[in-house]
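For reference, the structure is listed below as structure tokens.
The values are calculated or read from the model by the stated rules, or taken from the named source; none is laboratory data. If you're wondering where the values come from, they're calculated on a predicted model, not measured in any experiment. Neighbour counts run over all protein chains shown; Cβ positions are idealised from the backbone, glycine included.
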Amino acid sequence: MGILRRPVVVAAVLLLGTLSVHAQFTSRIDAVRVDVLVTENGRPVPSLRPSDFEVLDNGVPQKIDLASFEKIPLNVVLALDMSASIQGLRLGHLQTAGRTLLGGLKEGDRAGLVTFSHVVSPDLSLTDNFDSVRAALDNAKGSGMTALIDASHAGMLMGEADAGRSLLLMFSDGVDTGSWLTAESVLETARRGDVVVYGVEIGGGRPGFTRQLSEATGGRLITIESTKDLSASFSAILEEFRMRYLISYSPEGVGTPGWHRLEVRVRGRGLTVRARPGYFAGS
Amino acid sequence: MGAVRSETICLLASLLLGASHAYGQQATDRLAQWQVAVKAHQPGKTGKATLAVADWSGFELEETVLDVKNMVRSYGKDRQDEANDLLLRGAEMHADIARLIPHDLTRQSPRQQRIFIISDGREQGTRFVSLHWDLGRSLLDAVSPPTHPGVLHWYRQTSSDLMAMLSLAEAAVHLPRARRIFPSDPVLLYLSGVLHERFSSASLQAAAEAVMSGNSGMTSVDSARVEQTRAERFFREALAARPDDLEARVRYGHVLGELGRHAQAAIALRAAIDGGANGKMLYWALLFLGKQEEMLGNRDLARTSYERAASLFPRAQSPRLALSQLARRAGDRRAAQRELTVLAGLPADEREREDPWWEYYDVQ
């Protein structure tokens, strides 16, 4: 099974290598990739074909070239809040959750790590050496303020890659208190890329930047009551992300620069579809 | 019954008279003790006599300050210098008690407000405003003339100390009182600008929101926009009084930018740079100017400004993040990621990072 699987994965990577001309790099949009979660009663729906999807780019229906499910390797970036409030038990829970997530990665997947307080440390770029990520995670310590917005930018850039599907998993227990970058500018960066952001926050606060970022990228925000629940949350996010479709199309009949509103539906069935609400093309 | 009752009244009256006499004696003793403490007090130190005054109850302290003010009022004009000297030295002693001997966990007087202790945008607990700041201010109200240079010196010094200690709630009460006496003093205007600029920061805004949403109480922090507008006015007035204050100009440029007045902000920041800003101040000016140029659509100028900031503090992360984002917005993912690689190569230890942006909201 493993032998059979490898050529499929390689083929998918190669195929994406040619398809993944990001929408924002040229004045003419060559291809757009949209990461889509399709659920029915909360459970992911497998086995949909490209023809099952309907994509409207600025209201114009598009022809879908590819709808890939499960087969594409993942780029998973962990962006973890290590500010002063994450010490002792909380830090232990966070490290355990990180290790749990790394344990769920498969051959071909890659992982990266950004830790942050007010200091943003892109500790490890995307790598398939998960032991090095574990080691970096184990060495992390909590101190300082929270540069959540700066870290989001670093995490998204780390996740942007020519191959694979990218997930940025952001954990924070608080609000931004020390970033240089602004929320608006980082949200714009998010709309230019195709990294999907899942946020995990400890409950209580008013929904803020992480929710906006998650929604802008087609991900979602999970609020937990205690860091005891972190491992389960991280595992659930990875599982859900793996069950998403990557659909690709070459835009036709739409203007090139600026904001493109996206609508993704599944034809003829009452399924729930989660995808980014649009993308930004051009500079 | 009536006789019994009147006796009781008499007895009570005599007891009260006795207490009053005893109180009068104690008050006189305290006034004398206070004067001894003031004379013995060495600025910045807490001697035995000062410690004894610090231990008095709020009522005793307030009564003593009233007695001091009544006493110096009786000195007359020919002893005004002596009166002023006593009042100024007294204010100095009370300021030192407030700074050096925290008595803020219990309330000494009903006039003391409860304030929040904030860290990383979160409420960490509460304490009481020190009564001694108010006692110092009250003593100086009796100085003649009210604009005596010693009074100005006291308000400048204590306001600066409160800001440096991040005692923002106290500063929010202290500075308006100071400005009522010295409405156009550039130092007090500048510090007021810094206070309100700090109130507009993400950290304080988050904390204020948490306090309000938890129904824990009121805060003296308004919305970021309102605080920035206040800060802009104070910096503008400070600059009108002292046009060569480069730090005020950098901060003025910063709040103008935050208010969306990018072209005006760029002019102010360029003036600070051309005027000789150096070190951290130059770094801030360049970083802020980069943002204004970016907002004005001048990407090349923005890049140049960020690169100059990065060259001043090569281990700072903010210019790297700014350059990375600038490249990403221009659609150059590779260049954006290259900046991230530079960031990854910086020391992980914050003490070695040295990014003056992190200190910006602390008064210098």
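Okay, here's what the table says:
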{"read-out": "Segment A:156-182, subset touching a strand residue (DSSP E or B) at 6+ places or on another chain (Cβ under 6 Å) and of a type outside the set (A, V, I, L, M, F, W, C), residue modelled with the lowest pLDDT", "value": "A:Asp173"}
{"read-out": "Subset of segment B:126-137 [part of a strand (DSSP E or B) and either among the β-branched types (Val, Ile, Thr) or within 14 Å of chain A (Cβ to nearest Cβ) (or both)]", "value": "B:Thr126"}
{"read-out": "When residues of segment A:119-140 are limited to those that are out of contact with any helix residue (DSSP H, G or I) (no Cβ under 9 Å at 6 or more places or on another chain) and not in a helix (DSSP H, G or I), the one farthest from A:Leu167 (Cα to Cα)", "value": "A:Asn129"}
{"read-out": "Within segment A:156-166, tally of residues that are assigned to a helix (DSSP H, G or I) and at the interface with chain B (Cβ under 8 Å from one of its Cβ atoms)", "value": "2"}
{"read-out": "Given (1) surrounded by fewer than 19 Cβ atoms within 10 Å (Cβ to Cβ); (2) more than 24 Å from B:Arg156 (Cβ to Cβ); (3) touching a residue at least 12 places away in the same chain (Cβ under 8 Å), index of the condition B:Arg89 fails", "value": "(2)"}
{"read-out": "Check on A:Ser83, hydroxyl-bearing (Ser, Thr, Tyr) and within 29 Å of B:Asp355 (Cβ to Cβ)", "value": "yes"}
{"read-out": "Number of the condition not met by B:Val129 [criteria: (1) within 27 Å of B:Asp185 (Cα to Cα); (2) in contact with a strand residue (DSSP E or B) (Cβ under 8 Å, 6 or more places away or on another chain); (3) surrounded by fewer than 18 Cβ atoms within 10 Å (Cβ to Cβ)]", "value": "(3)"}
{"read-out": "The one condition in (1) touching a strand residue (DSSP E or B) at 6+ places or on another chain (Cβ under 9 Å); (2) within 28 Å of B:Ala224 (Cα to Cα) that A:Ser185 fails to fulfil", "value": "(1)"}
{"read-out": "Strands (runs of 3 or more DSSP E) (entirely within segment A:195-283) containing at least 3 residues that are within 14 Å of chain B (Cβ to nearest Cβ)", "value": "A:278-281"}
{"read-out": "Residue match in segment B:64-78 (condition: surrounded by fewer than 17 Cβ atoms within 10 Å (Cβ to Cβ), hydroxyl-bearing (Ser, Thr, Tyr) and within 14 Å of chain A (Cβ to nearest Cβ))", "value": "no"}
{"read-out": "Checking A:Val186 against (1) crowded, with 22+ Cβ neighbours inside 10 Å; (2) within 14 Å of another protein chain (Cβ to nearest Cβ); (3) within 21 Å of A:Leu89 (Cβ to Cβ), the condition it does not meet", "value": "(3)"}
{"read-out": "Filter result (part of a loop (DSSP other than H, G, I, E, B), farther than 21 Å from B:Gln108 by Cβ and free of Cβ contacts under 8 Å to residues at least 40 places away in the same chain) within segment B:24-76", "value": "B:Gln42, B:Ser74, B:Tyr75, B:Gly76"}
{"read-out": "In segment A:139-155, residue modelled with the lowest pLDDT [restricted to those that are more than 7 Å from every other protein chain (Cβ to nearest Cβ) and over 13 Å from A:Leu78 (Cβ atoms)]", "value": "A:Gly142"}
{"read-out": "Enumeration of residues in segment A:74-98 that are more than 10 Å from chain B (Cβ to nearest Cβ) and over 20 Å from A:Val197 (Cα atoms)", "value": "A:Ile86, A:Gln87, A:Gly88, A:Leu89, A:Arg90, A:Leu91, A:Gly92, A:His93, A:Thr96"}
{"read-out": "Residue selected from segment A:99-128 under the condition among the small types (Gly, Ala, Ser) and under 28 Å from B:Gln124 (Cα atoms), by the criterion farthest from the other protein chains (Cβ to nearest Cβ)", "value": "A:Ser117"}
{"read-out": "Answer from B:Arg351, B:Arg320, B:Arg328 - the residue that is surrounded by fewer than 23 Cβ atoms within 10 Å (Cβ to Cβ) and within 11 Å of chain A (Cβ to nearest Cβ)", "value": "B:Arg351"}
{"read-out": "Output for segment A:105-118, where each listed residue is part of a loop (DSSP other than H, G, I, E, B) and either closer than 15 Å to A:Tyr198 by Cβ or of a type in the set (A, V, I, L, M, F, W, C) (or both)", "value": "A:Leu105"}
{"read-out": "Selected residue [among the polar types (S, T, N, Q) and facing another protein chain (nearest Cβ under 9 Å)] from A:Ser172, A:Ser179", "value": "A:Ser179"}
{"read-out": "Positions within segment A:48-104 being part of a helix (DSSP H, G or I), under 29 Å from A:Gly278 (Cα atoms) and in contact with a helix residue (DSSP H, G or I) (Cβ under 8 Å, 6 or more places away or on another chain), in sequence order", "value": "A:Leu101"}
{"read-out": "Within segment A:95-128, tally of residues that are polar (S, T, N, Q), surrounded by 22 or more Cβ atoms within 10 Å (Cβ to Cβ) and in contact (Cβ under 8 Å) with a residue 24 or more places away in the chain", "value": "2"}
{"read-out": "Meets criteria (under 19 Å from B:Leu162 (Cβ atoms) and touching a Phe, Trp or Tyr at 6+ places or on another chain (Cβ under 6 Å)) for B:Ala98", "value": "yes"}
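Here is a yes/no grid of residues against (1) modelled with pLDDT of 95 or more; (2) under 16 Å from the mean Cα position of the chain (by Cα); (3) within 30 Å of B:Ser201 (Cβ to Cβ); (4) outside any helix (DSSP H, G or I):
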| site | (1), (2), (3), (4) |
| --- | --- |
| B:Ala83 | yes, no, no, no |
| B:Leu88 | yes, no, no, no |
| B:Ala98 | no, yes, yes, no |
| B:Asp104 | no, no, yes, yes |
| B:Ile115 | no, yes, yes, yes |
| B:Leu139 | yes, no, no, no |
| B:His153 | yes, yes, yes, no |
| B:Arg156 | yes, yes, yes, no |
